[in-house]
Each structure stands twice: as C-alpha cells, then as structure tokens.
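Everything on this sheet refers to the single structure shown next.
The values are calculated or read from the model by the stated rules, or taken from the named source; none is laboratory data. No experiment lies behind these values; they were computed from the predicted model shown. FYI the Cβ positions are ideal-geometry reconstructions off the backbone, even for glycines, and counts take in every protein chain you see. Ligands, DNA and RNA are excluded from the accessible area calculation, which covers all protein heavy atoms including side chains. Shrake-Rupley method; radii C 1.70, N 1.55, O 1.52, S 1.80 Å.
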There are 2 protein chains.
Amino acid sequence: MTLKTTFPLSQRALIIDGRSAATDLKAILQKRVNKLYRDRKFKPGLAVIRIGNDSASAIYVASKMKQCKELGMRGFEIALPTNISLKKILSRIQDINEDPEIHGLVVQLPLPKLLNKQKILSAIDPKKDVDGLHPQNLGLLAAGASDGFSPCTPLGCLHLIHTFQPDLKGLHAVIVGASNLVGKPMGLLLLQQGCTISILNSKTVTPSDIARTADILVVATGKVGLVTKKWIKPGAIVIDVGINKDEKTGSLKGDVIFHDVSKVAGAITPVPGGVGPMTVAYLLSNVIRAAECS
Amino acid sequence: MTLKTTFPLSQRALIIDGRSAATDLKAILQKRVNKLYRDRKFKPGLAVIRIGNDSASAIYVASKMKQCKELGMRGFEIALPTNISLKKILSRIQDINEDPEIHGLVVQLPLPKLLNKQKILSAIDPKKDVDGLHPQNLGLLAAGASDGFSPCTPLGCLHLIHTFQPDLKGLHAVIVGASNLVGKPMGLLLLQQGCTISILNSKTVTPSDIARTADILVVATGKVGLVTKKWIKPGAIVIDVGINKDEKTGSLKGDVIFHDVSKVAGAITPVPGGVGPMTVAYLLSNVIRAAECS
C-alpha cells in the first residue's frame with residue numbers, strides 16, 4: 001500500500017474540510033435520530049457533567065448541548081461546584097447510569113485537580129460511556145474489538161484521514177503526543193486499520209526525524225506551531241488536533257504551522273475547521289449508537 | 001536519555017539470561033507466598049482452564065502447575081473437551097470467579113476455533129484475570145493506571161530490558177508484531193516507561209529500516225529467523241519472544257538469528273532461556289498479587 005497522490009507534489013496540499021465532513025456526518029445521524037423516533041418513540045439523550053468553573057469547558061459543553069438539540073436529541077447539562085465530594089459525584093453518575101432517558105454520559109475534562117479522574121471515569125456504565133474513556137472501552141479498543149465505544153477525537157481524525165485515503169493498510173502513521181484522550185487511542189485505532197504506528201512523546205529525542213517517515217502524521221501536543229515542513233514527508237496526510245488560543249488576537253492556532261506544512265503535505269486539516277467539528281459529531285454518533293442498542 | 005554501553009561495540013552482545021532472572025524473581029515470590037501463609041494461613045491458588053487437545057498447551061499448563069507447586073502455591077488444571085458449549089465454559093468460569101480458594105484464573109490460549117475468545121476472556125473476574133487479557137485490565141494498561149493486571153509475557157520482557165537498562169525514558173522501542181497477547185500490551189507498557197514506541201505488523205513495508213532505529217527491539221512474530229543483524233542498531237537491546245519448534249531437530253528457535261544479531265546488539269535474549277521462563281514467573285507474580293489483594 002502506498003499513499004495515493006491525486007495532484008502534482010509541487011501544488012499545495014488538499015485542505016481536509018472538517019466542517020463540511022461534520023455537516024455530512026450529521027445529516028446521516030439526523031436520519032438515524034428520526035428513525036429511532038419513528039420506530040421506538042424516543043429521542044437519544046446525552047448528559048454532560050461539568051465540574052467547576054473552567055471557562056473553556058463551559059463553552060464546549062454549551063456547544064455539545066446546542067448540536068444535540070439541532071439533531072432533535074435531548075441534552076442535559078449538570079453543572080457541579082468545584083468543591084463537590086467524590087462521593088456525591090459518583091452518586092450522580094449512578095443516578096444517570098440508571099436513567100433510561102439518558103443513553104450517553106460524559107464527564108467534561110479537565111476535572112478540578114483534587115478529583116480522582118480514574119475513579120470517576122470508571123464509574124460510568126460502559127454502555128453509556130460515549131467518550132470511550134472507561135477502561136472497559138479502552139480495553140476493547142486495545143483488543144481490536146468493535147463493540148465498545150472509542151474516543152471521539154481519534155474517531156473524527158480517522159474519518160478525516162479516510163476522506164483522503166480509504167485503505168490505510170501498510171501505511172506508517174506517526175502520532176505526536178501520547179495522551180489517553182488522543183494519542184494512545186489514535187494509535188490503537190490506526191493499528192486496527194493495518195497501519196504501522198509510532199507514538200512520540202515529550203521525551204522523544206528526534207521527533208522530526210521519525211515524523212518525516214510518516215505517511216500519516218497526527219499531531220496532538222498542545223504546543224502551538226511545533227510542526228514545520230521539515231517534519232513532513234512529501235505527500236503525507238497531516239491531521240492537526242491542536243486547538244491553542246492566541247493570547248493577543250484570541251484566534252485559534254494548531255500545533256502545525258499550516259502555511260508552511262501545506263507546501264509539502266498531500267492533505268492537511270486546518271485549525272479551526274478541521275478536527276474540532278468532527279469531535280462533537282462523533283460524540284453525537286456514539287450517543288445515537290448507545291440509544292439504538294438500548 | 002541514550003542507551004548505556006558497558007562494553008566496546010566490537011565485542012559480542014551481553015546475553016540476558018532469562019532463566020537466572022526468573023530464578024531470582026521466584027526467590028522473591030517465594031518469600032511473599034511464605035508471608036501470606038504465615039500471616040493469613042492460606043496459599044495463593046491458580047486455576048487454568050484448558051479446552052481441547054492442543055499438545056503444546058498441555059505442556060505449558062503442566063509447567064505452570066509444576067512451578068506453582070514449587071513455590072508452595074495451589075494449582076488446579078481444568079481440562080475440558082473441544083466440543084464443550086460456550087454456556088458450560090462460562091458457567092465454569094463463574095464458579096471459579098466465586099471460589100475464594102482460587103485467586104487467579106487463566107484460560108489457556110489458543111482456544112478451539114469455534115469458540116468466542118472475547119466472550120470467554122470477558123467472563124473472567126478482572127480481579128482474578130492474572131493473564132491481563134480482560135478488556136478492563138487492558139484498558140487500565142492503556143490508561144496508564146497501575147492497579148490492573150498486565151499480560152505476563154510483556155511484563156517478563158520489560159523485566160529483562162530493565163536488567164540491562166533501568167531508565168527507558170526517551171529511548172525508541174520498536175515492537176515487531178501487533179498481537180493482543182504481546183505486541184500491543186508491550187507497546188503500552190513501554191509507553192508508560194516514557195519510550196517512544198513503534199509497532200510493526202505483517203503489512204509494514206520496510207520493517208528492517210524502522211527496526212534499525214530502535215534502541216530496544218522486541219520481536220514477537222512467530223516467524224523463525226526473521227531478524228538478521230541488518231535490522232539492528234549497534235548496541236541495541238534485542239528481546240526475542242519467538243518460540244518456534246524446528247520440525248527436524250525438535251529444538252526451539254527464536255524469531256531472531258541469535259549468532260548473527262549478537263555480533264551487533266548490545267544485549268540479547270536467547271531462545272530458549274530468555275523470555276520463556278519470565279512469562280511463567282510473571283504469571284505466578286500476578287497470582288500472588290491477586291491473593292495479597294483478596
């Protein structure tokens with residue numbers, strides 16, 4: 001398997017439009033929501049627990065609620081104070097686990113520092129764990145099984161990669177960043193697709209040398225402008241997961257220097273308008289799947 | 001972090017002695033078994049379910065039982081016929097899950113072809129899953145948590161790597177083979193150690209090129225003699241997980257051509273006498289840990 005090239009390499013990279021892909025995906029999801037209502041007379045329900053006052057989290061949760069409702073689904077935001085006890089959080093999660101009107105439950109990250117993230121994520125019923133962060137679901141992903149929920153951002157990245165290159169067998173995918181939320185599940189998803197994978201972290205000695213061997217480069221480091229064209233193999237697919245706010249202008253920047261890398265890459269996602277819209281679309285997709293299986 | 005070199009590169013590689021490391025580990029385990037009996041008056045118990053007539057499986061299980069008893073632990077082999085129903089297997093697993101005298105339960109792989117491996121492995125109580133193959137335990141490993149059980153062969157490999165190089169941060173570990181049993185959990189364990197990791201599979205286009213960038217090379221493909229010195233960066237640690245029986249002589253051979261690779265590597269495990277003995281030692285270690293937590 002080698003990477004397809006649909007254009008001369010001297011041209012600029014194809015821009016992978018995440019907004020458009022998310023719109024297309026949501027049109028399909030809309031039909032599934034309608035069918036559920038027609039056949040079984042209920043609407044898929046998503047609950048998001050938000051703990052504390054993180055302002056970015058508040059914006060993200062509001063966006064999830066809005067998009068939920070746009071598809072005719074039900075959205076419930078549960079805002080809890082920073083100083084709430086672990087016991088009370090677990091009790092709220094248990095209530096939602098047992099609520100038949102809620103099919104998907106997300107605990108918005110990051111959590112206030114003193115809370116035990118692993119205990120909270122593990123308390124969610126795996127069948128409602130639409131963020132795919134319960135150990136059971138991560139384990140099913142690691143085992144290559146298809147019946148669990150996978151994390152939404154890696155699912156969105158994979159969708160965008162597939163729009164440019166449907167068959168990934170034998171391609172080398174390099175993932176920059178080894179987080180539980182993106183890097184590790186992304187690696188496991190791409191392994192399932194038959195890719196050779198490499199996962200780099202902040203200790204990696206020569207990241208650009210390894211990145212330059214990548215047919216697919218996924219960057220999720222939170223370091224604005226880390227990746228230049230020197231990191232890129234000509235024709236590679238570059239997926240930029242970074243969403244970094246420029247303190248001066250307020251604009252969003254990726255981990256990849258777009259105008260530089262797009263001279264060399266075969267295809268590239270912009271920031272904003274790349275991975276971001278796909279993440280919420282896949283969250284809704286997971287909720288609908290949970291509702292269909294309920 | 002760079003790899004230590006304790007000897008001139010012109011010399012042959014250090015041979016990492018798995019038998020000796022397993023003996024040392026079992027001496028420590030013996031003390032924990034004695035302490036459990038002294039303090040709490042019980043012996044750790046391991047049950048192994050063996051389904052069908054695979055002759056290699058019979059030998060492996062007998063070896064587990066023998067080593068269990070050598071440490072003063074209790075071993076129970078449950079041999080079931082090839083044509084047993086899934087329902088009956090799940091019922092036997094449930095009995096063992098509830099048996100307070102059994103702390104660890106292994107279903108010997110490979111299973112007869114018609115059986116659903118995922119359903120069987122998922123039926124084991126994660127607290128008794130000493131092979132670390134239940135999705136819950138794989139997921140805890142993927143999440144970087146330390147409270148689950150990790151698979152025994154990767155644990156043994158990591159132990160052997162540590163005998164030569166205690167701090168792995170920033171080293172590039174390349175794993176050849178992407179199986180659920182070895183390749184994937186090995187990658188996740190080495191990520192936890194701060195390594196950059198690459199996982200290759202049978203579709204990888206130029207495996208030797210990637211392997212030659214490895215500070216640590218773990219080979220688990222089942223392809224006898226696949227890896228030659230052309231795959232090796234001088235001074236690298238080479239861990240050979242392959243156990244392949246030579247049809248003519250009956251002797252065991254690894255995936256690595258030992259006499260060739262040992263001219264270039266910094267350290268290397270032999271076959272037999274490398275990873276094999278460590279796998280059973282870590283199985284016993286997991287059973288004792290399960291007993292201590294019971």
Next item on the list: State yes or no: is B:Val106 open to solvent by less than 30 Å² (accessible area, probe 1.4 Å), within 21 Å of B:Leu86 (Cβ to Cβ), more than 14 Å from chain A (Cβ to nearest Cβ) and under 14 Å from the mean Cα position of the chain (by Cα)?
Entry: yes
Note to self: Looking at segment B:170-218 only, could you name the residues that are small (Gly, Ala, Ser) and either more than 10 Å from chain A (Cβ to nearest Cβ) or outside any helix (DSSP H, G or I) (or both)?
What the structure shows: B:Gly170, B:Ala173, B:Gly177, B:Ala178, B:Ser179, B:Gly194, B:Ser198, B:Ser202, B:Ser208, B:Ala211, B:Ala214
Note to self: Looking only at segment A:127-162, filter to residues that are outside any loop (DSSP other than H, G, I, E, B) and open to solvent by 40 Å² or more (accessible area, probe 1.4 Å); which one of those is nearest to the other protein chains (Cβ to nearest Cβ)?
What the structure shows: A:Gln136
Note to self: Just to be sure before I move on: is B:Lys223 outside any loop (DSSP other than H, G, I, E, B), more than 14 Å from chain A (Cβ to nearest Cβ), open to solvent by 10 Å² or more (accessible area, probe 1.4 Å) and basic (Lys, Arg) in the structure I sent?
What the structure shows: no
Next item on the list: Using the structure shown, decide if A:Lys66 is open to solvent by 50 Å² or more (accessible area, probe 1.4 Å), at pLDDT below 95, under 21 Å from the mean Cα position of the chain (by Cα) and closer than 29 Å to A:Ile239 by Cβ.
Entry: no
Margin query: Taking the condition of being open to solvent by 70 Å² or more (accessible area, probe 1.4 Å) and either in a strand (DSSP E or B) or more than 11 Å from B:Ile51 (Cα to Cα) (or both), how many residues in segment B:69-97 meet it?
Written below: 9
Notebook entry, point to check: Applying the selection to segment B:250-281, what residues are more than 20 Å from the chain's Cα centre (by Cα) and open to solvent by less than 10 Å² (accessible area, probe 1.4 Å)?
Noted result: B:Val261, B:Ser262, B:Ala265, B:Gly266
Item checked: Residue ID - surrounded by the most Cβ atoms within 10 Å (Cβ to Cβ), chosen from residues in segment B:110-126 that are away from chain A (no Cβ under 13 Å) and either within 19 Å of B:Leu284 (Cβ to Cβ) or without any contact (Cβ under 8 Å) to a residue 60 or more places away in the chain (or both) -> B:Ala123
Item checked: Restricting segment A:283-294 to residues that are open to solvent by 40 Å² or more (accessible area, probe 1.4 Å) and not acidic (Asp, Glu), the residue that is farthest from A:Ser20 (Cα to Cα) -> A:Ser294
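If the requirement is being in contact (Cβ under 8 Å) with a residue 12 or more places away in the chain, touching a strand residue (DSSP E or B) at 6+ places or on another chain (Cβ under 7 Å) and not aromatic (Phe, Trp, Tyr), which of these qualifies: A:Gly273, A:Gly266?
From the options A:Gly273, A:Gly266, the qualifying one is A:Gly266.
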Notebook entry, point to check: Does segment A:237-247 include one or more residues that are open to solvent by 30 Å² or more (accessible area, probe 1.4 Å) and within 14 Å of chain B (Cβ to nearest Cβ)?
Noted result: no
Notebook entry, point to check: For segment B:163-198, how many residues meet the condition of being among the hydroxyl-bearing types (Ser, Thr, Tyr), farther than 15 Å from B:Gly242 by Cα and open to solvent by 10 Å² or more (accessible area, probe 1.4 Å)?
Noted result: 1
Notebook entry, point to check: With (1) farther than 20 Å from A:Val275 by Cβ; (2) surrounded by fewer than 14 Cβ atoms within 10 Å (Cβ to Cβ) as the list, and A:Gly45 as the residue in question, which single condition is left unmet?
Noted result: (2)
Next item on the list: Search segment B:48-63 for residues being open to solvent by 10 Å² or more (accessible area, probe 1.4 Å) and assigned to a helix (DSSP H, G or I), and hand back the single one that is nearest to B:Ile288 (Cα to Cα).
Entry: B:Ser63
